[in-house]
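Student: Take a look at the following structure, please.
The values are calculated or read from the model by the stated rules, or taken from the named source; none is laboratory data. All values derive from a computational prediction rather than experimental measurement. No Cβ is skipped: glycine too gets one built from the backbone with ideal geometry, and neighbour counts run over all protein chains shown.
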Amino acid sequence: MHLDVQDLRNFYYRSALGRAVQRSIRDQVVKRWPEANGQTVVGYGFAVPLLRGYLKSARRVIGLMPGPQGVMPWPAGMQNVSTLCHETMWPIETGHVDKLVMMHGLETSDDPSALLAEAFRVLGPGGKLILVVPNRAGLWVRADHTPFGYGRPYSLGQLETQLQLHQFMPEFHCGALHFPPSQTRFWLKTSNVLERMGTRLSITLTSGVLIVEADKRVHLPIDRGTTVLDKKLEGIGNLRPASAGPA
């Protein structure tokens with residue numbers, strides 16, 4: 001089930017709860033990727049709230065938004081870098097992306113396996129992927145007034161298994177949204193304190209979303225050299241039928 005881009009925009013940019021969510025998740029992403037100097041950074045789904053810090057330093061920033069969700073121009077007041085795309089056919093050349101972050105992408109996809117295959121295609125060797133998905137055991141999946149109450153939530157084990165099946169190697173995981181999905185002033189004012197406390201606790205039990213970083217691993221083809229069997233087969237191929245003698 002894809003969310004509507006207008007609902008996502010209103011949540012992240014026009015509500016106090018959405019701005020607190022944006023800050024909580026972005027802080028964790030920036031800790032892992034403090035810079036992207038000269039790199040190509042792509043966000044898929046509705047990941048643009050996490051990309052603003054890379055606009056000045058990155059060689060290129062692209063916001064991909066799937067067709068069923070819809071697209072909006074981003075960033076406001078600057079040259080647009082967002083574009084509409086098919087969720088499993090991105091307008092990006094193979095191996096041209098250095099960093100890729102997905103938010104509101106995997107859990108709402110109609111074909112998560114094909115989506116991860118497309119992510120693998122566009123990343124260059126050693127490229128990095130960050131996935132932000134609803135935590136199946138968290139409170140936020142029960143809050144349908146937020147975008148994390150929709151789609152397919154994951155456990156950490158499920159998410160890492162999916163990544164490994166698509167040749168990604170999970171390298172790091174953490175959680176975010178340790179505060180309740182409430183719009184009351186008290187919880188919003190204490191959200192920063194609760195986030196700091198939550199990082200010391202089990203992410204499976206306390207976080208609203210799981211954040212997993214993975215590397216694209218490309219294995220070199222194995223050169224087994226020339227074997228004894230190869231030599232025998234080569235010799236058989238070189239045999240010629242003997243010419244017939246005089247009768």
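Student: Name the single residue, out of those in segment 23-43 being out of contact with any His (no Cβ under 9 Å at 6 or more places or on another chain), buried (at least 18 other Cβ atoms within 10 Å of the Cβ) and among the polar types (S, T, N, Q), that is nearest to ASN192 (Cα to Cα).
Tutor: The extreme case among them is GLN28.
Student: Oh, and also: Could you tell me which numbered condition ALA20 fails, if it satisfies all but one of (1) among the hydrophobic types (A, V, I, L, M, F, W, C); (2) in a helix (DSSP H, G or I); (3) loosely packed, with under 15 Cβ neighbours inside 10 Å?
Tutor: The failed condition is (3).
Student: Given PHE172, PHE179, which one is surrounded by 15 or more Cβ atoms within 10 Å (Cβ to Cβ), in contact with an Asp or Glu (Cβ under 7 Å, 6 or more places away or on another chain), modelled with pLDDT of 90 or more and of a type in the set (A, V, I, L, M, F, W, C)?
Tutor: Every option except PHE179 fails the conditions.
Student: Mind telling me which of the residues GLY53, GLY45, GLY67 ends up being free of Cβ contacts under 8 Å to residues at least 24 places away in the same chain and of a type outside the set (Lys, Arg)? Before the answer, list the steps.
Tutor: Working: GLY53 fails: free of Cβ contacts under 8 Å to residues at least 24 places away in the same chain; GLY45 fails: free of Cβ contacts under 8 Å to residues at least 24 places away in the same chain.
It is GLY67.
Student: Inside segment 70-84, can you point out the residues that are in contact with a strand residue (DSSP E or B) (Cβ under 6 Å, 6 or more places away or on another chain) and in contact (Cβ under 8 Å) with a residue 60 or more places away in the chain?
Tutor: Within segment 70-84, VAL71 is the sole residue that qualifies.
Student: Name the residues in segment 124-163 that are farther than 23 Å from GLY18 by Cβ, part of a helix (DSSP H, G or I) and in contact with a strand residue (DSSP E or B) (Cβ under 7 Å, 6 or more places away or on another chain), would you? Give the steps one after another, and end with the answer.
Tutor: First, the residues of segment 124-163 that are farther than 23 Å from GLY18 by Cβ: 124-129, 155-163.
Then keep just the ones that are part of a helix (DSSP H, G or I); that gives 156-163.
Those that are farther than 23 Å from GLY18 by Cβ, part of a helix (DSSP H, G or I) and in contact with a strand residue (DSSP E or B) (Cβ under 7 Å, 6 or more places away or on another chain): LEU156, LEU159, GLU160, LEU163.
Student: Against the condition crowded, with 18+ Cβ neighbours inside 10 Å, under 27 Å from ASP144 (Cα atoms), modelled with pLDDT of 95 or more and among the small types (Gly, Ala, Ser), how does SER82 come out, does it pass? Can you show your working first?
Tutor: Working: crowded, with 18+ Cβ neighbours inside 10 Å: yes; under 27 Å from ASP144 (Cα atoms): yes; modelled with pLDDT of 95 or more: yes; among the small types (Gly, Ala, Ser): yes.
Judged against the criteria, SER82 is a match.
Student: I need a count of the residues in segment 88-100 that are assigned to a loop (DSSP other than H, G, I, E, B), under 21 Å from GLY151 (Cβ atoms) and in contact (Cβ under 8 Å) with a residue 40 or more places away in the chain. So that I can check it myself, show each step before the final result.
Tutor: The first filter runs over segment 88-100 and keeps only residues assigned to a loop (DSSP other than H, G, I, E, B), leaving 88, 90-96.
Narrowing the set further to residues that are under 21 Å from GLY151 (Cβ atoms) leaves 88, 90.
Then drop every residue that is not in contact (Cβ under 8 Å) with a residue 40 or more places away in the chain, which leaves 90.
The number of residues fulfilling the criteria is 1.
Student: While we're on this one: Consider ASP110 against the criteria (1) crowded, with 22+ Cβ neighbours inside 10 Å; (2) farther than 16 Å from PRO49 by Cβ: it satisfies all of them except one. Which criterion is unmet?
Tutor: (1)
Student: Let me ask something else about it. Taking MET65 as the residue in question, decide whether it is touching a Cys at 6+ places or on another chain (Cβ under 8 Å) and within 17 Å of ALA119 (Cβ to Cβ). Lay out the reasoning, then the answer.
Tutor: Numbers: touching a Cys at 6+ places or on another chain (Cβ under 8 Å): yes; within 17 Å of ALA119 (Cβ to Cβ): yes.
The answer is yes for MET65.
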